[in-house]
Amino acid sequence: MKKTRFLSALLAALMLVAPLASCANGDDPVETGDKVTNDTNSEEDTGVHDDLPSSLDYDKAKITIISRDLEGWTRGEISVDGITSEPVNDAIFERNRMVESRLNITFNSILDPDAGSGTVPSKVAKAVKAGTNEYDIMAACAYTTAPESLKGTFANLRNTEYLDFDKPYWTQGYNEAMEYDGMQFSATGSMLLSIYRFAFVTVFNKDLFTNANQPFLYDTVEEGAWTLDKQISLVPLFHKDNGNGIQDETGDTYGFISSRLISTDAYWSSCQVDIVTKNTDGELVLVFDSGKLYDVAEKVLQLYYGTDDGTYSMPSKAGDAEQADIRKMFSNNLGAMATLRIMELENSEMRNMESEYGVIPMPKFDEKQDGYYTLLHDQFTVVAVPTTVKGERLDMVSAVLEALSSVSYKIVKPAYYEETLRTKIAKDPQSAQMMDIITEGIFIDAGIIYTDAFDSFQNGLRDIVGNKNNDAVSRFKTKLVIAEKGLKRKIVGMFEKIASQQPQ
């Protein structure tokens, strides 16, 4: 089955303009080829350009974008207040200024402070039903945008004047998963940093590895030997009980820290357990193999519970807050390894961590697997356009989105990739190389993005790990029936309904 590594073209281009950076702080010059510069906002010639006509001029038209404003998650992704000398912030500010100048428009950014993942799509849906023209562009959570898109709330982005989804600044893996019969209602790409930040990775504590006489894991990854079995074998080597005989978060040292909630979702992609894909005719088909998930679950259960208390499973919390707890515990040198989203590594607790840590991909299922694959937390951001945006205004909005993406490809992505991923987060050249592997391996599964239509299908693995019982075959026997109906009625059926309502 074909896997789509949707960032490979981007990374190939970035490698031409930004060679491997060693550890630096935000004030240090960053080497770029044969020159040294602090200017991350200059427009790099990546060799990739949009095809927008130079004559476009929209006479100071106001473009209203509504987006989710959640601190530590999506804040600063769409707009920022001004120049701060922080490279990524300044690149986003410059991007918006450049697009405004180029197209002669002005941005009106509405930042929704409500933390709920579905609030922004709900507000846009309400405006569409009322027939009001409040919003031109919506930037919102992927898994709540997907079901709303099947209600006819958003315009078909494939039927616009200027969007070119063949360009590498649009995420090809997402396009492939979400396009159906010439229709696509949301997109993501270079203008949205969450396509990096919401990826799951493994971190390891270098001091604890050194004290245990264990080599760092970079070579293991490069050799294709970073597997669940390898991680399981390492966990007991680091476990030290504080003498009270029970697991706690303050006195013990663990081999692995994770949780039974969203951290387990990462194994769907990292172990190649696919849910939905397209056949050769472009039809969405359910390809889930309960036997494969059973085998994966066996290893995950062994990792969590079969290592003599060497794994600490963080209690689940609302709003995925257990990720912050894992981060804090790991940063306090209480775990040799942990599963975290990249966004957690940006936190000051990790930046100020006493011990150095390394970053590597999530482990493979076994050494036969062809590569490392990375799951994006399904709350990553996508853009959509309300159906109230029509005619010439829809053409204008499509030009705005195309320009935002192409400029982001040139200045925002390099700033984030070099200044954050490969410099602030990756503390050594090896971790920086691991970041390439991680981001190249990001994989989109429509079965996870359309989770509501499948009755939260992927949650079954969470339940297996939480219940400490591998009932994958029997559990998913019923879920498969629901998923087949959901695919036929709630996804394909809704696409066909929308298509039938389009003017001929």
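Side notes on the structure shown:
- Residues that are modelled with pLDDT of 95 or more and among the aliphatic types (A, V, I, L, M) were ranked within region 115-133; the one that is farthest from R75 (Cα to Cα) is A130.
- Residue list for region 177-232, filter: closer than 26 Å to P414 by Cβ and open to solvent by 20 Å² or more (accessible area, probe 1.4 Å): R197, E222
- Test: residue in region 302-324 that is open to solvent by 10 Å² or more (accessible area, probe 1.4 Å), among the hydrophobic types (A, V, I, L, M, F, W, C) and either assigned to a loop (DSSP other than H, G, I, E, B) or touching a strand residue (DSSP E or B) at 6+ places or on another chain (Cβ under 7 Å) (or both): yes
- Checked against the criterion of being touching a residue at least 24 places away in the same chain (Cβ under 8 Å), open to solvent by 30 Å² or more (accessible area, probe 1.4 Å), in a helix (DSSP H, G or I) and not β-branched (V, I, T), region 257-267 has no qualifying residue.
- Of all residues in region 136-173, those satisfying the criterion of being modelled with pLDDT of 95 or more, of a type in the set (F, W, Y) and not in a loop (DSSP other than H, G, I, E, B) are F154, W170.
- Candidate set from region 166-176 (those that are in contact with a strand residue (DSSP E or B) (Cβ under 8 Å, 6 or more places away or on another chain) and buried (at least 19 other Cβ atoms within 10 Å of the Cβ)); member that is farthest from K390 (Cα to Cα): G173
- Across region 365-386, the number of residues qualifying as without any contact (Cβ under 8 Å) to a residue 60 or more places away in the chain and open to solvent by less than 10 Å² (accessible area, probe 1.4 Å) comes to 0.
- Any hit, region 459-467, residues being assigned to a helix (DSSP H, G or I), farther than 13 Å from W268 by Cα and free of Cβ contacts under 8 Å to residues at least 12 places away in the same chain: yes
- As a summary of the residue check, Y417 satisfies the conditions (1) closer than 30 Å to W226 by Cβ; (2) part of a loop (DSSP other than H, G, I, E, B) except for the one numbered (2).
- Of all residues in region 437-447, at least one satisfies being touching a residue at least 12 places away in the same chain (Cβ under 8 Å), crowded, with 24+ Cβ neighbours inside 10 Å, within 24 Å of G371 (Cα to Cα) and touching a Pro at 6+ places or on another chain (Cβ under 9 Å).
- All positions within region 384-424 that are of a type in the set (K, R) and either more than 23 Å from the chain's Cα centre (by Cα) or within 20 Å of W170 (Cβ to Cβ) (or both): K390, R393, K410, K413
- Residue that is nearest to L193 (Cα to Cα) [pool: residues in region 70-115 that are open to solvent by 50 Å² or more (accessible area, probe 1.4 Å) and in a helix (DSSP H, G or I)]: F93
- Some residue of region 371-391 being modelled with pLDDT of 95 or more, in a helix (DSSP H, G or I) and closer than 30 Å to I498 by Cβ: yes
Residue-by-condition table, conditions (1) in contact with a helix residue (DSSP H, G or I) (Cβ under 6 Å, 6 or more places away or on another chain); (2) touching a residue at least 40 places away in the same chain (Cβ under 8 Å):
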{"residue": "D81", "(1), (2)": "no, no"}
{"residue": "M98", "(1), (2)": "yes, yes"}
{"residue": "S109", "(1), (2)": "no, yes"}
{"residue": "T132", "(1), (2)": "no, yes"}
{"residue": "M138", "(1), (2)": "yes, yes"}
{"residue": "Y169", "(1), (2)": "yes, yes"}
{"residue": "E176", "(1), (2)": "no, yes"}
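- Selected residue (only one of K413, K490 is surrounded by fewer than 24 Cβ atoms within 10 Å (Cβ to Cβ) and out of contact with any strand residue (DSSP E or B) (no Cβ under 7 Å at 6 or more places or on another chain)): K490
- Residues being among the hydroxyl-bearing types (S, T, Y) and either over 19 Å from S194 (Cβ atoms) or surrounded by 24 or more Cβ atoms within 10 Å (Cβ to Cβ) (or both) - total across region 417-429: 2
Every residue, every condition in (1) of a type in the set (S, T, N, Q); (2) open to solvent by less than 50 Å² (accessible area, probe 1.4 Å); (3) over 26 Å from L193 (Cβ atoms), yes or no:
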site: S431; (1), (2), (3): yes, yes, no
site: M434; (1), (2), (3): no, yes, no
site: V481; (1), (2), (3): no, no, yes
site: K485; (1), (2), (3): no, no, yes
site: F495; (1), (2), (3): no, yes, yes
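The values are calculated or read from the model by the stated rules, or taken from the named source; none is laboratory data. Here the structure is a predicted model, which means the values were calculated and not measured. Backbone-built Cβ (ideal geometry, glycine too); neighbour counts: all protein chains shown. Please note that ligands, DNA and RNA were not included when accessible areas were found on the heavy atoms of the full protein model with its side chains. Shrake-Rupley method; radii C 1.70, N 1.55, O 1.52, S 1.80 Å.
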